[in-house]
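The values are calculated or read from the model by the stated rules, or taken from the named source; none is laboratory data. In this text the structure is predicted, and so the values were computed from the model without any measurement. All Cβ positions, even for glycine, are placed from backbone atoms using ideal geometry, and neighbour counts span all protein chains on display. In case anyone asks, the SASA skips ligands and DNA or RNA and just uses the protein heavy atoms, side chains included. Shrake-Rupley method; radii C 1.70, N 1.55, O 1.52, S 1.80 Å.
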Amino acid sequence: MFHRPLIPMLFAFAGGILVAHKVLAPCQGLVLPLFICITLCLFAILFLSHRLRLGLLIITFFFTGILVDLGRHHSSRLLPWAVNRQKVTIEGTVLEPARISNKNARLKVRAHMLFVGGRRVRINDDILVTVYNNIPHIRPGEKVRFPARLRPFKNFNNPGGYDYESAMKLKGFTCAASVSDGRRIVPMGPGLLPFPGALLERIQRPVRDLFSGKLNPEDEALFRALILGERQGVSRQLREPFNRTGLGHVLAVSGLHIGLVAWISFLFFKVILSRSYKLTLKTDINKLTALLTCIPVIGYTCLAGFQVSSQRAMITVLAFLWSLILRREKEVWSTLALAGLIILAVDPHALFSISFQLSFSAVVGILWLTPSMLKIIPSSHETPQRKNTIFKKVSLYFIGLIAVSLSATVFLLPIISFYFHRVSLVTIPANLTVVPILGLWIIPNGLLSAVTLPFSAQAASLFLHLGAWGLHAIMEVIRFWSDFSWASAWVVTPNLFEMLMFYTLIFFIFFFKRLPWARVGLAVLTVFILVDAGYWIHRVHFNRDLKVTFLDVGQANAALVEFPGGQKMIIDGGGFPRDQFDVGQMVVAPFMWHSKIKKIDYLVLSHPQSDHMNGLRFIAREFHSKEFWYNGDQVKTASFKELMAIIESKNIKTLLPVDLVQGREINGAKIDYLYPLPNGKTSNLFDNGKRLNNNSLVLKISFAGKSFLFPGDLEREGEALLVSSKQNALTSDVLLSPHHGSRSSSTREFLRMIKPGICVISSGEGNFFGFPHEQTLESLREIGCRAIRIDQSGAVQCTVSPDQRFEVRTFQDSPRLMN
């Protein structure tokens, strides 16, 4: 610690940021006392011994971390209107190119003026604007005015879920806004881009126009991502092969790209300078080369829009270059700590960013594990001597690349599993075959096209097309690796304790031969790992309780049923009508992985509407189901056709009402099929507008004297038919409110027949329909039923034990971050 003081200082500074962000924020009254404490500590350091001085300096950095984080919390004048979901008129400047998907576009706008209720209010907030239909052609830097409905960012409150609110806040957004028609956006001339936005846009715009004019849409999207740092054009379909092969990091200008540019530039300058004999004698070539390398590193970062990830990578690379200039190149850990301190001083909230955590952890893993990996991997000097020195250099290069890739992959494994739930099994060969082409051909040619553009459009076009050849080559390679069915695997989410055990395991293995106590520690850790594994195996596969979890999926339905003995059923999967957000992958599945669930035995679809059906596609594709239950209704939507195609391709057995009429018993839990009529005549009793809702499949699940009723989207006509046919069989302790609490459902006769003690209402906060309606809530109060609204409580979990104990939990936890 005394030899590398920057390392404990970094930990202290990060600890101060963490404490301020999680405990003290936004306590602005502490700013002055903290400033006084820091001043006194710095004054006291002058009179202390070396050891005491270092301890006090660490405390000073801790207080400084608290201070810089508190300084980042600002109140917003716009947020109160967003909380009330008010319709307003906004005037502001477009900051980035639009991200266009289907008929929608998303814009980042710096709002300067708010018009509401005849008033003008000056504001200074970044908002995320979604434009539906008739997308206008708007460039960054343009001033616009538009009517919009504001709304705050809101999480799906399920355990293990994605913390969308915090992620948007970390990106600087105050709230979201929606514009129903792009024709309502009025251009008002040039706007005011924050520094250095205007300068960067003048640099980027001609390059962006070159890409769009000379390349096909896919190549344009990839070159914009690789050179300009703009991922707006990269579609979900184009991104998927990168994710499957563990190459998703390639699409963001970050440490890999900046490092490659620094490496190539360093080699280039060193070769050029070394050709001068006099210069070699008079100066230190390495120092001069490192100094010159700073220029292309900074230039590339500016060309990439000075994005947050590229800024952090630039700071880290510059720190290592200056360690060469100052002849401190052997102090790699201190250099990394210095880079971390600078990054956090510039942006203290980077500590909570996934990109920072991944990039910084990757460097730690490379510095720590690569030397050991190189000892394990056979190198060329251990093989018989070869005459071809080029072969030796190439083999050494690939051996080093293997060691670096393996070190980063192993060290990042729990972090990637924690955030993305997915591990690529081909990431090593994919990186080995893609990174060399990317670093030696695509990025250099892309940068040369940008540099030569002001002087010669023909030369720029030539370099661009040369780079495109390389781009086509790596896309073929990426698709080759991603086409393997086993290219990637979805994994359960490790908790923080399990992640700590993983890194402790690496530590004990690393020091196994050097530290005698590491062997004892490894033995103790092995016991902890076995206990943890045994706990989860018993909890998931051998539980004795019936557990029903009503998930928060917004204006939709999804419920997970965990039967005694380990079998699982999901009843509906949520979804949105526009189908641009996969609720199954992004909301439902993360809860499963958080609960260490990898298999859903039974898929149940109450009726084929998007808010019940769309999320089931991912579950059907990835969770090894054996049966699919639904009412037999056919619709012509693309999502229904896709779901049925997945069911068929996965050989999942389909059961219709005629197959379910006898019900099912699973380890003491009884499933009763109640509706629709198995002869298929029920759907003919309703008009087309209500047919799908009133033909919803209805199930009742009973265990240990408690029962749950799942009525789908039944409306009053369907409820009346169900009451007349089943009557006393409907009595249940817990009711999932039909049709999300609409007044067209939950009639008094229906509720009196069920007599529920608890009614769970799954409706999105601030939804367009105004669900749940007050009439429904009043009907529930009349029968003494407790209404639990998922939009207010988060996910609702009911547990029934064999001894008839009944527990109800709601979740308003703080999910993870992702950006």
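Report, as a whole number in µm² per second, the diffusion coefficient that Stokes-Einstein gives for the range 1-160 at 10 °C and 1.306 mPa s using the Kirkwood radius over alpha carbon pairs. Please list the in-between numbers first.
Details: Rh = 19.5 Å.
D, rounded to a whole number, is 82 µm²/s.
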**Fill in**
So the FRET efficiency between Arg184 and Glu331, C-beta based with R0 = 45 Å and rounded to 0.05, is 0.20
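Report the convex hull volume per residue for the range 431-582, counting only C-alpha atoms, in Å³. Please report the intermediate quantities before stating the final value.
Values: hull volume 36.8 nm³, N = 152.
Enclosed volume per residue, from the Cα hull, is 242 Å³.
Tell me, Kirkwood radius of the range 573-638 from alpha-carbon pair distances, in Å?
Numbers: mean 1/r = 0.0823 Å⁻¹.
Evaluated on the range 573-638, it is 12.1 Å.
Note the per residue figure in Å³ for the convex hull of the C-alpha positions in the range 637-762.
Numbers: hull volume 16.3 nm³, N = 126.
Expressed per residue, the convex hull around the Cα atoms of the range 637-762 is 129 Å³.
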**Fill in**
Subtracting the Cα-Cα distance of Leu32 and Tyr535 from 0.36 nm times their residue separation yields 176.2 nm
**Request:** For each pair in Lys287/Lys330; Lys599/Lys650; Lys598/Lys700, compute the distance between the two Cα atoms and list the pairs where it is over 18 Å.
**Result:** Lys598/Lys700
**Asked** Which residues' amide hydrogens lie under 5 Å from the amide hydrogen of Val760, considering only partners 5 or more residues apart or on another chain, with H built in the peptide plane?
**Response** Leu735, Leu736, Ser737, Ile788
**Message:** So if I average 1/r over every pair of distinct C-alpha atoms in the range 81-136 and take the inverse, what Kirkwood radius in Å does that give?
**Reply:** 12.2 Å
**Prompt:** Based on the Cα atoms of the range 545-678, what semi-axes does the equivalent ellipsoid have, where each is the square root of 5 times one gyration tensor eigenvalue, given in whole Å with the largest first?
**Reply:** 21, 19, 13
**Complete:** Sorted list, accessible surface of protein heavy atoms, 1.4 Å probe, largest first, for Asp659, Asp545 is Asp659, Asp545
**Request:** Note the angle between two axes, namely the Cα long axis of helix 716-726 and the longest principal axis of the Cα atoms of the chain, as a number of degrees from 0 to 90, rounded to the nearest 10.
**Result:** 60 degrees
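Which of rounded, prolate, oblate describes the range 692-819, given a ≥ b ≥ c as roots of the alpha-carbon gyration tensor eigenvalues and a/c under 1.5 marking rounded, otherwise prolate only if a/b is larger than b/c?
Values: a/c = 1.81, a/b = 1.17, b/c = 1.54.
Note, shape of the range 692-819 comes out oblate.
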**Fill in**
Longest principal axis of the chain (C-alpha) makes with the long axis of helix 6-19 (C-alpha) an angle, in degrees to the nearest 10, of 30 degrees
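Per residue, how much accessible area does the chain show when a 1.4 Å probe rolls over the protein heavy atoms, in square angstrom? Please report the intermediate quantities before stating the final value.
Working: 38580 Å² over 819 residues.
Dividing the accessible area of the chain by its residue count gives 47 Å².
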**Cα-based helix-to-principal-axis angle, 197-214 vs the chain, degrees rounded to 10** = 80 degrees
**Prompt:** If you find the alpha carbon centre of the range 592-654 and of the range 392-440, how far apart are they in angstrom?
**Reply:** 35 Å
**Prompt:** Could you state the principal axis extents of the C-alpha atoms in the range 47-124, from the largest down, to the nearest angstrom?
**Reply:** 65, 34, 20
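Evaluated at 20 °C with a viscosity of 1.002 mPa s, what Stokes-Einstein diffusion coefficient in µm²/s does the range 224-335 have when Rh comes from the Kirkwood expression over alpha-carbon pairs?
On the way: Rh = 15.3 Å.
My calculation gives 140 µm²/s for D.
How many times 2.2 N^0.38 Å is the alpha carbon radius of gyration of the chain? Intermediate results must be reported in sequence, preceding the final value.
Values: Rg = 30.0 Å, N = 819, 2.2 N^0.38 = 28.1 Å.
Normalised by 2.2 N^0.38 Å, the Cα Rg of the chain equals 1.06.
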**Message:** Just to verify a number: what accessible area does Ser235 come out at with the full protein assembly present, 1.4 Å probe, Å² rounded to tens?
**Reply:** 50 Å²
**Complete:** Projected convex hull area of the range 349-494, Cα atoms, direction-averaged, in nm², equals 12.6 nm²
**For the range 272-317, the Rg and Dmax computed from alpha carbons only, in angstrom** = 14.1, 41
**Complete:** Taking the convex hull of the alpha-carbon atoms of the range 528-623 and averaging its shadow over every direction gives an area in square nanometres of 6.2 nm²
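Out of the total accessible area of the chain (probe 1.4 Å, heavy atoms of protein only), what percent is carbon and sulfur? Intermediate values should be presented prior to the final figure.
On the way: 23900 of 38580 Å².
So the carbon and sulfur contribution to the accessible surface is 62 percent.
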**Message:** Based on alpha-carbon centroids, what's the gap between the range 161-237 and the range 1-72 in Å, whole number please?
**Reply:** 37 Å
**Request:** Please figure out what share of the DSSP beta bridges in the chain is antiparallel and state it in percent, rounded to the nearest 5.
**Result:** 75 percent
**Asked** How do His773, His74 rank by accessible surface area computed with a 1.4 Å probe, from largest to smallest?
**Response** His74, His773
**Asked** So how far, in whole Å, is the C-alpha centre of the range 118-152 from the one of the range 780-815?
**Response** 39 Å
**Message:** Under a Cβ-only charge scheme (Lys and Arg +1, Asp and Glu -1), can you give me the dipole magnitude of the range 730-819 about the Cα centre, in debye to the nearest 20?
**Reply:** 80 debye
